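The values are calculated or read from the model by the stated rules, or taken from the named source; none is laboratory data. All of these numbers come straight from a predicted model, not from anything done at the bench. A quick note on method: Cβ atoms are made from the backbone with ideal geometry, for glycine too, and the neighbour counts reach across all protein chains shown.
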Amino acid sequence: MDAPTRALYVERALWPIGRGDLRFWLAIGLLSALVAFGIYAYVYQLQRGLWVTGLNQRVSWGFYIINCVFFIGISYGGAMTSAILRLTNARWRAPLTRLAEATAVAALLVGAVFPIIDLGRPDRFLNVLLYAQVGSPIVWDVVAISTYLVASLVFLYLPMIPDLAIARDALGARAKLLGKVYSALSLGWTGTPSQERALQRGIGIMAILIIPLAVSVHSVLAWLFAVTTRGPWHSTIFAPLFVLAAVLSGVAAVILVIAALRRVYGLQPFITARHFRYLSYLLVALGMAYLYFMISEYLTEGYVLEQSTAPVLESIFLGQYAPAFWTFAVGGLVLPLFLAGLPGRFPIARACMAAILVIAGMWLKRFLIVVPGMAGPIMPWEWGRYSPTWVEIAITVGAAAAIPLMLIVFFRFFPVMSVHEMDEVEGVHAAPPRMAPAFAGGD
Amino acid sequence: MADLPDRTGPSDPTRRRLLGLFATSSAGIALAGTGLAPIAFPEAAAAQGKQRQWVMVIDLRKCDGCGDCTTACQTEHELPKNFEWIKVFEVKDERGGSYFMPRPCFQCENAPCLRVCPVAATFRDDEGVVLVDQERCIGCRMCMAACPYGARYFNYVEPPAPKHPFHKPTPQFPVPQQQGTVGKCMFCVHRTDDGKLPACLEACGMEAIYIGDLVEDIATNGNETVRLSRFLKDNDAYRYKEDLGTGPRVYYIAGHGQHLDN
């Protein structure tokens, strides 16, 4: 509409590109060091074997499987947030979508590595393709995760095409090599009506596709546990429970990412308290749904108290895992609902607090699914034990650090905000009718 | 579907193994004309004629928990001490006493471990024994999560140097074990192929372990030979966690004071 506004968001979207002040290099240095130490720990494990972990004959899945579920879960939140906001044509999404989609890809890349880190013979990973036995949940995982990875890369790339053209025109002269990359990636975008139509159709299809894909991946991850005969895992609610957990932790991750990067990149004029309020509502809705699913799970299991489930439930509610469980249930689920849901001052700070608690809580919940389920007595007289070693902790910390590292590096080369979508929202140029559902409404 | 590795033994092993195996026991018993049907008679076995269908019977009344079976198994397969492919549990009963329960792999007819393997590295052979191809196993440990009996063991460490360095490990005799893969009890098929009894059975001083064949309806503990179906029926034999639908191929005869519903 008015030129100064557009100039501002074009400037801010491109601002991080090629920028490198002391803070930037400090962040890169610190995160890289953590990632490098994680890689060192993995090499250490590769050379010696899995005995360097705390895994053992009774508890043969641990941190790596927890992390796989956790990080891939975070990735869904990014993709689903962006897809749902697009499909419902929520206009406030414009400054967020790029950040959400990039977070989705970064978290997915990290999560997808963990099943391989967990393998006893990673050198034989290709056997999964060569000898694929389609009845195995591991094969379902490999198929679902790789499909979803491709889809989320496309979902990140498509809406970026017009922005790449803007970057090409604005920065091409300054950076020769980067200009060439933008040129190639923007596919000759000039914004003609036919290009607009094709792009909108592509984004529309991807936004619809990415939702069932995301649901399928986390369902399949849940079935990794639910198709076994172990009492605490053999549950019909596991797949929807996992999907909800994923979106819940993912929305929390989006809150944290935008809270951190809006300060770093000066996006405060665009990402405002209103965005945090809306995302908080989303977080509360998902958190309440998760609470309901979880009560349903524990109530049905706990009421009957089958022999195979009883000792594990007892350990979770009253025994050795009770501190972790109640920390999660109160601190990681109920408290965030109040923090994020109640009206009042400091919406951004409260949303961030809630998001941190939810993310930590969801990691704990995955721990409480994997480890007691494994350690619980299957021959009903012996409990297993598990405590992670420095190798597992180092790899976990390195993986967590890899996500912000990838984001910072990515936004050093690519626009941090979708200028094209901002244009659309601000009505800078008349966009053709979107391929959006009829019920689409803005705010 | 993946092609399975060659897992057949010698070309026509049936007759030779049959004779060899039961020659080690005392006089055979008359099998013909008793008219008693075996408790379980897999259709696959019937279709294949005289193929063996291995089972194990463990008489908990006799087991004194000495652990000689475990040690013999570890010696036979050159396993480290914490690899208890046959593991002896001490189970407390309700009267304050206790009994011992050796747990080999149950060679389930509907094996949960087998279905979940992403690379079909684990399979049932024609005689009902669940084997692992450690050349193919990727070490994901999904089978360990799936096994309701904890019968599978992952090789976290490099196994000790083999005593027979020129032996090429096979699914039937996976010695030495490969680091990063999963191993388990396989009823010593490398021994029964040669007409010998499983190592644990041979080591059991209490003669509590029987190896048997559903097709011939016969079982032996190395000393006495019994008619399998009648032995199981007369002694109220049960299978552990049978209600899971796994179809275990190991039968237990309850220990003293033990409830029959295990």
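Any idea which of A:F270, A:F328, A:F276, A:F242 is among the aromatic types (F, W, Y) and modelled with pLDDT under 90?
Just one listed residue meets the conditions, A:F270.
Counting only residues that are among the β-branched types (V, I, T) and more than 21 Å from A:F155 (Cα to Cα), which one in the range A:212-259 is farthest from the other protein chains (Cβ to nearest Cβ)?
Keep residues of the range A:212-259 that are among the β-branched types (V, I, T), which gives A:215, A:217, A:220, A:227-229, A:236-237, A:243, A:247, A:251, A:254-255, A:257-258.
In the following step, the residues that additionally are more than 21 Å from A:F155 (Cα to Cα) were identified as A:220, A:227-229, A:236-237.
Details: A:V220: 12, A:V227: 7, A:T228: 5, A:T229: 4, A:T236: 17, A:I237: 19 Å.
It comes out as A:I237.
Inside the range B:148-163, can you point out the residues that are out of contact with any Cys (no Cβ under 9 Å at 6 or more places or on another chain) and more than 7 Å from every other protein chain (Cβ to nearest Cβ)?
Scanning the range B:148-163 gives B:N155, B:P159, B:P160, B:A161, B:P162, B:K163.
Only residues that are among the small types (G, A, S) and assigned to a helix (DSSP H, G or I): list them for the range A:384-409, please.
Hits for the range A:384-409 are A:A394, A:G398, A:A399, A:A400, A:A401, A:A402.
For a quick check of your reading: which helices (runs of 4 or more DSSP H) sit entirely within the range A:297-383 and have at least 1 residues that are farther than 25 Å from A:F70 by Cβ?
Values: elements: A:310-317, A:322-326, A:335-341, A:347-375.
The qualifying helices (runs of 4 or more DSSP H) are A:310-317, A:347-375.
Return yes when B:G245 is of a type in the set (G, A, S), more than 18 Å from B:Q107 (Cβ to Cβ) and surrounded by fewer than 20 Cβ atoms within 10 Å (Cβ to Cβ) and no when it is not.
Details: of a type in the set (G, A, S): yes; more than 18 Å from B:Q107 (Cβ to Cβ): no; surrounded by fewer than 20 Cβ atoms within 10 Å (Cβ to Cβ): yes.
The answer is no for B:G245.
Considering only residues that are more than 8 Å from chain B (Cβ to nearest Cβ) and among the β-branched types (V, I, T), which ones fall in the range A:371-385?
A:V371
If I ask for residues that are within 14 Å of chain A (Cβ to nearest Cβ) and not polar (S, T, N, Q), which ones from the range B:181-225 would you list?
Here is the first cut: in the range B:181-225, the residues within 14 Å of chain A (Cβ to nearest Cβ) are B:181-185.
B:V182, B:G183, B:K184, B:C185 - these are the residues of the range B:181-225 that are within 14 Å of chain A (Cβ to nearest Cβ) and not polar (S, T, N, Q).
Considering only the range B:210-225, I want to know if a residue exists there that is of a type in the set (S, T, N, Q) and within 18 Å of B:F106 (Cβ to Cβ).
no
Matching residues to (1) touching a Cys at 6+ places or on another chain (Cβ under 9 Å); (2) at negative phi; (3) hydrophobic (A, V, I, L, M, F, W, C):
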residue	(1), (2), (3)
A:W61	no, yes, yes
A:F71	no, yes, yes
A:R98	no, yes, no
A:V113	yes, yes, yes
A:I116	no, yes, yes
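Kindly indicate whether A:L164 is closer than 22 Å to A:G18 by Cα, touching a helix residue (DSSP H, G or I) at 6+ places or on another chain (Cβ under 7 Å) and among the hydrophobic types (A, V, I, L, M, F, W, C).
yes
Among the numbered criteria (1) under 28 Å from B:R141 (Cα atoms); (2) buried (at least 21 other Cβ atoms within 10 Å of the Cβ); (3) out of contact with any Leu (no Cβ under 8 Å at 6 or more places or on another chain), which single criterion is violated by B:L201?
Tallying (1) under 28 Å from B:R141 (Cα atoms); (2) buried (at least 21 other Cβ atoms within 10 Å of the Cβ); (3) out of contact with any Leu (no Cβ under 8 Å at 6 or more places or on another chain), B:L201 fails exactly one: (1).
Yes/no per residue for (1) within 15 Å of the chain's Cα centre (by Cα); (2) more than 30 Å from A:T228 (Cβ to Cβ); (3) assigned to a loop (DSSP other than H, G, I, E, B):
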site: B:I211; (1), (2), (3): yes, no, no
site: B:A219; (1), (2), (3): yes, yes, no
site: B:N223; (1), (2), (3): no, yes, yes
site: B:V226; (1), (2), (3): no, yes, no
site: B:R230; (1), (2), (3): no, yes, no
site: B:P248; (1), (2), (3): yes, no, yes
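Which condition number in (1) under 28 Å from B:Y251 (Cβ atoms); (2) more than 12 Å from chain A (Cβ to nearest Cβ); (3) of a type outside the set (D, E, K, R) is the one that B:P112 fails?
Just one mismatch for B:P112, condition (2).
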